[in-house]
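Asks: Here you go, one structure.
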Amino acid sequence: MYYSHWYLENQNSQQNPSMNQTDTTLKRRLSVLLFVIILISTASVGIGVGIYSYKQNLDLIDSTITSVQQEIQDRTEAFFLILAGAEPFIDSEMSVGLPVISKEINALNKPVSQLTADDLKPISERNNVDDIYLINSSGVIFSTTYPEDQGFDLKTVGLELFLKNLMNSGNTSMDRAAVNALNGEVTKYAYYSQPGSDYIIETSVQLRKALARTQSPEFTSFLMDEFLPKIKDENPFVLDVDLFSSNTLSQYSLIYEGRKMDPEIYRQVYDKGEVRILSGNNLTVYTHFRPKEKKADYTGNLTSKVVYDTSMPGRVLFETAWHTLAILILVTLIAFLVSGRFFDRLIVNRLRTIVTGLHRIGEGDYSGKIVDSGNDEFSQIANEINRMCQLLLAREEELKRLNRDQEEVVRIRTDELQQVNDAFEQANIKLKMLTAITRKDIISQTTRLSELLTLTGNKAGTDVADQIRESQSIVDIIRSQIEFTRVYDDIGSHPPLWHNILETTEQAVRDFTKSGLIFKFDLDDFYVLADPLFVKVFYIFIENTIRHGKGAKSIRLSSEMMGSDLILVYEDDGVGISDDQKSGIFTEGFEKNSGFGLFIAREILAITHLAVREIGVPGKGVRFEIRVNEGFWKRNSKNE
């Protein structure tokens, strides 16, 4: 079966190589179309899977951020609760040590106002405190082991009432631990004023050292170094975790001593509540909050910082994309190979049969039939083509018959029209000859009559001379009317020509060089298609100015564009034409005894559909406009 199919195709290709090339092209295009359809389908599925995977990764990042942020706040609350439980032990140590420090200061046998840091340093070391501050009744630190605070006025930070109540009371007061605004250390402060004294003793201890003494080094390490940072170790997306005690004065870390947050970022976080900064594959999230534990107000506002690694979802997406691509390629190849076999058998081969039949029809052979077994659209197409061939055969025969009949009718009509045309041309020639002879005879006779009237008038009396001059005028009118018939007879008797506007107007002006008029030309290099008598139009315009344009001294000829049409303008500076006469100046017989008149000008222009109108202002001169439609003008005939 396949051998016979190949043999038939081979025979067909040998008989018609172009058809074989068409079949190959058709099969190639259909194969490409099939491949594209399969590829688009599988690619759509792959893209959908990729988008879903990517969305899942983004959701994972968002859920991780939410979870980590919540865990930070929860652990921060727990951190302060644990710290609140440990601080009483530090308070006890400091409350016991403050009276001892007071006694040692008194034992120095030196005025308190003269004590220096060197005097106070040994006392602080013996009593397990980091620094000692002596505050006078004005609230100013007058002596301290911490030089940076020397001379600092505590009233400026709102401690005036606190110091007043504590002075000379014999009581101790403990502050909660706070972040030092100068160095970022977490420090705890205590205050004491001995009865009968005029100063207050303030001591400070670093929280880490105090916890290690009062609790244990293991407890301190767990609380300060592991409890909050452990979030980073428990989540693979988290690269860094930090917690800042933040206010307008300082933004120091509670976890890493000395680390400070960018003040500009703090202002943004304080205003917005949360700020996210993406740098490369790292997403840093700053969140502003206050601890719920009321006694932890000393920390002010807290700002957490978490750095997330966003490259992990990208790597997962990249791996998913490669896996999806590999599956797409495999599925596309399998689908193309399998469907290609069915596509070739069900569509390509049957299309080839139909194309072969259409090619035969295109060559003019309508007698064959396209054979296609089946009951689908291809079979319907083949049947419709076969039916069309039968109709074409019938119509071809009918057209041949009608063509023969029409050719005979055309031949007869052509002969008849030729005879009529010949007769018309002969009659026209005879009519022109008769008109010319008659015109010539009339002109000769009127000329002779004019001469006789002139001789008679010279010899006659006054009354007779007047009658003879009137007769002479009548003869001139008759001659002018005869000349009119000659000119009118010439209109349209020759094919239109392309006239150079500048040359045509200059030719018309030559006959009026002695008229005393000044001629101005403002014309571009235009050519207009018009009757050979086109020059007489401007001749008539100039003659009209001389006859009727009283006071006219100059004539201007110009051109302008109105859309795609050319406007030729003739203007003079005479009296112009009154409004009641404008509508009739181009009609026949309007100008009595005045030469050819504007009627002839209109008739000459109408041969090539050129329109003329007069739109001048009465009293300021005439303005004739000739409108030349597109197609009847050009700029330079040499370039056409």
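Each reported figure results from applying straightforward, stated rules to the coordinates on display, with no laboratory input. Every value quoted in this text rests on a predicted model; they were computed, and no experiment measured them. Virtual Cβ from ideal backbone geometry, glycine too; neighbours counted across all protein chains shown.
Asks: Quick one: Leu502, Leu337, Leu533, Leu58, fewest Cβ neighbours within 10 Å first, how do they rank?
Replies: Taking fewest neighbouring Cβ atoms as first place, the list is Leu337, Leu58, Leu502, Leu533.
Asks: I've got another one for you. Pop the C-beta distance of Thr284 and Glu218 into the FRET formula with R0 = 30 Å and round what comes out to the nearest 0.05.
Replies: Calculated value: 0.40.
Asks: Can you tell me how much longer the chain between Asn500 and Asn383 gets when fully stretched, taken as 0.36 nm per residue apart minus their C-alpha distance, in nm with one decimal?
Replies: 35.6 nm
Asks: Taking the beta-carbon count within 10 Å as an exposure proxy, list Arg360, Arg341, Arg613 from fewest neighbours to most.
Replies: Arg341, Arg613, Arg360
Asks: Right, here's the next one. Run the simple label-point estimate for Asn136 and Asp198 please: 7 Å along Cα→C-beta, distance reported in nm.
Replies: Result: 0.9 nm between the two label points.
Asks: Please turn the phi angles of region 207-218 into ³J(HN,Hα) values with the Karplus equation 6.51 cos²θ - 1.76 cosθ + 1.60 (θ = phi - 60°), one per residue in order, whole Hz, x for glycine and proline.
Replies: 4, 4, 5, 5, 5, 5, 6, 8, 10, 6, x, 5
Asks: Which pairs break 18 Å Cα to Cα here: Lys553/Lys620; Lys520/Lys634; Lys188/Lys209; Lys232/Lys305; Lys520/Lys553; Lys272/Lys305?
Replies: Pairs exceeding 18 Å: Lys520/Lys634.
Asks: While we're on this one: What distance in nm separates the two pseudo spin-label positions at His323 and Val36, each 7 Å out from Cα along the beta-carbon direction?
Replies: My value for the distance between the label points is 3.2 nm.
Asks: Report the full-extension gain for the segment Ala43 to Val464: residue separation times 0.36 nm, less the Cα-Cα distance, to one decimal in nm.
Replies: Extra length from Ala43 to Val464 when fully extended: 139.9 nm.
Asks: What FRET efficiency do you get for Met561 and Glu588 if R0 is 30 Å and r is their Cβ-Cβ distance, rounded to the nearest 0.05?
Replies: With a Förster radius of 30 Å, E is 0.40.
Asks: What is the set of long-range amide H partners of Asp240 at a cut-off below 5 Å, with H atoms built 1.01 Å from backbone N?
Replies: Counting only residues 5 or more places away or on other chains, the set is Val307.
Asks: So how far apart, in nm, are the two label points at Phe521 and Ile347 if each is 7 Å from Cα heading toward Cβ?
Replies: Those two pseudo-labels are separated by 7.3 nm.
Asks: Please give the length that would be gained between Arg627 and Leu399 if that part of the chain were fully extended, namely 0.36 nm times their separation in residues minus their C-alpha to C-alpha distance (nm, one decimal).
Replies: 77.3 nm
Asks: Hey, another quick one. Could you tell me the calculated FRET efficiency between Asn165 and Thr66, based on Cβ-Cβ distance and R0 = 35 angstrom, to the nearest 0.05?
Replies: Computed FRET efficiency for Asn165 and Thr66: 0.15.
Asks: Just want the ordering: Arg602, Arg413, Arg213, from fewest to most Cβ atoms lying within 10 Å of their own Cβ.
Replies: Ordered from fewest to most neighbouring Cβ atoms within 10 Å, Arg602, Arg413, Arg213 come out as Arg413, Arg213, Arg602.
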